[in-house]
1. Provide the per-residue ³J(HN,Hα) series for segment 368-379, in order, calculated from phi with Karplus coefficients 6.51, -1.76, 1.60 and θ = phi - 60°, each as a whole number of Hz, with x at glycine and proline positions.
2. What FRET efficiency would be calculated for the residue pair I708, A432, taking the C-beta separation as r and a Förster radius of 35 Å, to the nearest 0.05?
3. State the extension gain, in nm to one decimal, for the chain segment bounded by K719 and D159, taking 0.36 nm per residue of separation less the distance between their alpha-carbons.
4. Taking amide H positions as placed 1.01 Å from N in the peptide plane, with prolines and chain starts having none, which residues 5 or more places from T482, or on another chain, fall under 5 Å of its amide H?
5. What do you get for chymotrypsin sites (Phe, Trp or Tyr not before Pro) in segment 70-126 restricted to DSSP loop and a cutoff of at most 13 other Cβ within 10 Å of the site's Cβ?
6. Given R₀ = 51 Å, FRET efficiency for K567-K70 by Cβ-Cβ distance, to 0.05?
7. Along Cα→Cβ, 7 Å out, is where each label goes; now give me the distance between the ones at R316 and E333 in nm to one decimal.
8. Once you've got the Cα coordinates, tell me which of K70/K260; K579/K719; K109/K372; K372/K551 are over 32 Å apart.
Amino acid sequence: MSGTDLEEICSRLHISIFALDAWYFSDETTSATLLGHFKVNSVEGLGLKDYPCGTTAAGALLKYLYETQKNEMEHMSAIHPYTTGMFMVIDSSTRRNLELVETMREKQKRGSLLWVLDKTKTAMGARTLRSYVEQPLINRQEIEDRYDAIAEINGNLIDREELREYLRPINDLERLITRVTYQTANPRDLIALSNSVKMITPLKKILADFQSPLLMRTQKEMDALEDIYALIDASIEEEAPISVREGGILKNGFKEDIDKLREARTNGKTWLADIEKQEREETGIKNLKIKHNKVFGYYLEVTNSYKNLVPDHYVRRQTLANAERYITPKLKELEDMILGAEDKLVVLEYEYFCEIRKTIADQVVRIQQTAKAIAVLDVLVSLAVVAEENHYCRPVLNENGTIDIREGRHPVVEKMISHDMFITNDTYLDNASSRISIITGPNMAGKSTYMRQTALIVMMAQMGSFVPAKSADIGLVDRVFTRVGASDDLASGQSTFMVEMNEVANILRNATDRSLLILDEIGRGTSTFDGLSIAWAVVEHISNPKLLGAKTLFATHYHELTELEGKLDNVNNYCIAVKEKGDDIVFLRKIVKGGADKSYGIQVAKLAGVPDSVITRAKEIVEELSANDITEIAKNLSVKKATEKQNKKTGSKKTREKEKNKMESYEKEKTVKETGFMEQLSFFDTIGIGSTETDDALIIKELETIDIGTMTPLDALNKLNELQKKVQVLCHR
């Protein structure tokens, strides 16, 4: 990518990019930075031996953070390589189309899958749940462990509610420990940390009775952090100020010198009065007084009449006309304490607070491990609550690739519909005779909802959640691809159809036979024949195990694709049931076996409020166009496919030559179409225009003698070309 291209992208996305010097990425710099930070002797010790590029990137990033944050980054206590083999791969298009964490239009959490599943009580749990949604698992045992934990939690409802109550007060430990290690945490942060740590012991006590492996592991990974709680509880005032430079941070009794300074600040006058009284009694000087000025500070003043009673340990500071001023070691000590108490107190409290903060920062690994365990527990409890409230079932996982969902529901749509009116549907896909489902039916009938719910149920199952269905037998998939709707990308100069084709290309090139494909209305952005051809070819490509062989839900308005059932041994037709009432329709939202016989597009337009005059004219036009139904062409395509397959087996030279001639004729026809000459012209519309009745009769007679059922598509195109040329001659007479 050139510098100009990079600048253009940054300008369009309103971001800025700062390029680091090359030395940041040198092997010496990156390795030294990582080894020094994690205190190991080799990259192998970090588990990064097989990730040279990742090691370079991580080292350069850490070096950059050192220089910008001016901190030791102690909260970064571990590094873990991310491998795609651990999680289901979900591209950006699928995340967007399935609305996993935000809606497509409003970009809001409400209306997304995350919104339905999120009943977490902590910020750490919310972040962890989001990562679960975005990274479903591949490992069957890890998924089963989550199922077991959810089932056990819901089997102990009282314990579940107690866990939720103890989770509620826990603050964001991960963020708090980050501020502690950055030395920016204030007294209120430490109090929040203490209040959170206080909840860990009762959580561990409840979890001690659970037997599922994941909950037992979570309980073990939780550190009660009793020493940290004790330190904060003994030292920090609960109502401490936010600022660390104002004093009032530490509790009385925590440090003796702090207590003395506070006492001096508040009880200084009382102490002076006590010393004055004590000195009068010991010396017998009845008019002895303790006074203060800015030059000498505190002093004892004795009139000349009592000079003879002044003890030897008094030190003369000043002589006046009728009196003498003295100091004593005890008074000097008290003076230092009283006059410097406020400033000393603030400084000393700050020093002790920094020591406390550093002591806590040294325990960053323990706190982070505990925070992760609490987050996992919070997510499991949240998923358990959602499963129980929404009547989800525990999926069964299999290794044979079968996806068998009974009475499945869309987890989000059913929450948006009141009074439990959502219509359930079954889904069955496998790697044999039910690899591809062709789904037809009118717009608004529920095709997209049905396909999305299947994808979401599979993803929920692999993230370890129970699913909205009566039963679900799920074969693990490595990737989920969706192609649902498209929009222009004007900034990069791509049309709607180009965006659609880019997504299709990505799917066909990156999907595997273990993937699940959700394809909605492929080929709708171009002409009918081109769109049908692309959709047809895509289905053939996917159905071929040698080319792809992925499990697929394929929604389309091209009813001609229903001809593939019976022609391809792994394609099955399904449609959305519709009930007609005169010119009106009622959507039943139920998936049934078989293909739809029409699209009901005009009826849907009527429901949308399109003017009656337009609806009436549309009915007239569709009747005229139906005379040139392309269904017959689709049937002939199937015949051609079978013929080609047979010819390939026989290897007949004569057949190959015949096909070559047909292709040459087809290329000629294509050239005619590309010049715009009589493109998609129906010769029925030209009969009687500029021609004689005899000529018309000859053309009609020729049409009547044609046996379309025995013609290949190329034969049909050649005959159509021949008839069009005759019509053209008639039109120009």
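1. Those phi angles translate into 5, 4, 5, 4, 5, 5, 5, 4, 4, 4, 4, 5 Hz.
2. Numbers: r = 34 Å, r/R0 = 0.97.
Given R0 = 35 Å and the Cβ-Cβ separation, E is 0.55.
3. Working: separation 560, 0.36 × 560 = 201.60 nm, distance 7.80 nm.
Once the chain is fully extended between K719 and D159, it gains 193.8 nm.
4. Result for T482 returns T94, I518.
5. Working: sites: Y82, F87, W115; in loops: Y82.
Here the sparse-neighbourhood loop sites are Y82.
6. 0.15
7. 2.6
8. Values: K70/K260 37 Å; K579/K719 40 Å; K109/K372 23 Å; K372/K551 36 Å.
Over 32 Å apart, Cα to Cα: K70/K260; K579/K719; K372/K551.
The values are calculated or read from the model by the stated rules, or taken from the named source; none is laboratory data. Since this is a predicted model, take the numbers as computed values, not measurements. When we count neighbours, we look across all protein chains shown, and the Cβ atoms used for this are built from the backbone with ideal geometry, even at glycine. Keep in mind that these areas ignore ligands, DNA and RNA; they rest on the heavy atoms of the full protein, side chains included. Shrake-Rupley method; radii C 1.70, N 1.55, O 1.52, S 1.80 Å.
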